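Read through the structure below, which is laid out as structure tokens, and then see the notes.
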Amino acid sequence: MKWLKERGTKKLILFGHSYGGNEIARYAANSNDEIIKGIVLLEPGTADHRMCSPAGYKIRYGKELNGILEQTDLLLAPGKGDVLKGNTNFIFCPQATANAASFVSNYRVSPERLLPNLMKGTKKPILFIAASEDNRMPDLNRLVKTFVDGDRTRLVVIVGTGHFFLELHSDDDIEETIQFFHEIEC
């Protein structure tokens, strides 16, 4: 923000997709900077996604998450969170390399990372854009509906697309975002 302000930025829309959407929501919930005029969350990560749960991890990778977390905790306790673990099934990446701190951060979700809790702390206008065929964040509509008031917070579902808004569907989310910009006078 400081860098943008130093260059004369007066109005800013924060935009994030998937896990980046959750990060943007977290930033917005903890910042009331006057240049932030609105937030666009394109299929934001909910942080309580089923694949972050022990049951979801078992379905995806065939391994018990709790046992892996216990092993990882042994590294965190003596301050070795930066130790890299290879051949680790991490998020949507099988056999990845991840450090212990990142692994625990992703799979031990604290309440302040949950999308509904982040929305309670956000005072700016928000546009949620969801995909009707998303198999990565299928619970987004359910989680967001309680916050949608049609005034400060709006939900748009793009029909016929998945999590990555491929092909012509990317035009749909761009059009919704541009309309949102005009609505909040950016």
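The values are calculated or read from the model by the stated rules, or taken from the named source; none is laboratory data. Quick caveat: nothing in here was measured; it's all calculated off a predicted structure. Note that we place each Cβ from the backbone using ideal geometry, even for glycine, and neighbour counts take in every protein chain shown. The accessibility values were calculated without ligands, DNA or RNA, using every heavy atom of the protein model including side chains. Shrake-Rupley method; radii C 1.70, N 1.55, O 1.52, S 1.80 Å.
The one condition from (1) closer than 28 Å to Asp172 by Cβ; (2) surrounded by fewer than 18 Cβ atoms within 10 Å (Cβ to Cβ) that Leu115 does not meet is (2).
Once region 130-186 is narrowed to residues that are hydroxyl-bearing (Ser, Thr, Tyr) and not in a helix (DSSP H, G or I), the residue that is most open to solvent (accessible area, probe 1.4 Å) is Thr146. Only a single item in (1) under 15 Å from His17 (Cβ atoms); (2) out of contact with any helix residue (DSSP H, G or I) (no Cβ under 8 Å at 6 or more places or on another chain); (3) of a type in the set (Val, Ile, Thr) is not met by Val156, and it is number (2).
Condition check for Gly79 on (1) in contact (Cβ under 8 Å) with a residue 60 or more places away in the chain; (2) at positive phi: one failure, at (1).
Starting from region 84-104, keep only residues that are over 14 Å from Pro54 (Cα atoms) and among the small types (Gly, Ala, Ser), then list their pairs with residues that are assigned to a helix (DSSP H, G or I) and open to solvent by less than 20 Å² (accessible area, probe 1.4 Å) whose Cβ atoms are within a distance under 9 Å, requiring at least 6 positions of separation or different chains. Listed pairs, sorted by first residue: Ala98/Asn106; Ala100/Thr72; Ala101/Thr72. Of the numbered criteria (1) free of Cβ contacts under 8 Å to residues at least 12 places away in the same chain; (2) under 19 Å from the mean Cα position of the chain (by Cα), the one Ile59 fails is (2).
Within region 129-150, being in contact (Cβ under 8 Å) with a residue 40 or more places away in the chain and touching a strand residue (DSSP E or B) at 6+ places or on another chain (Cβ under 7 Å) holds for Ile129, Ala130, Ala131, Leu140.
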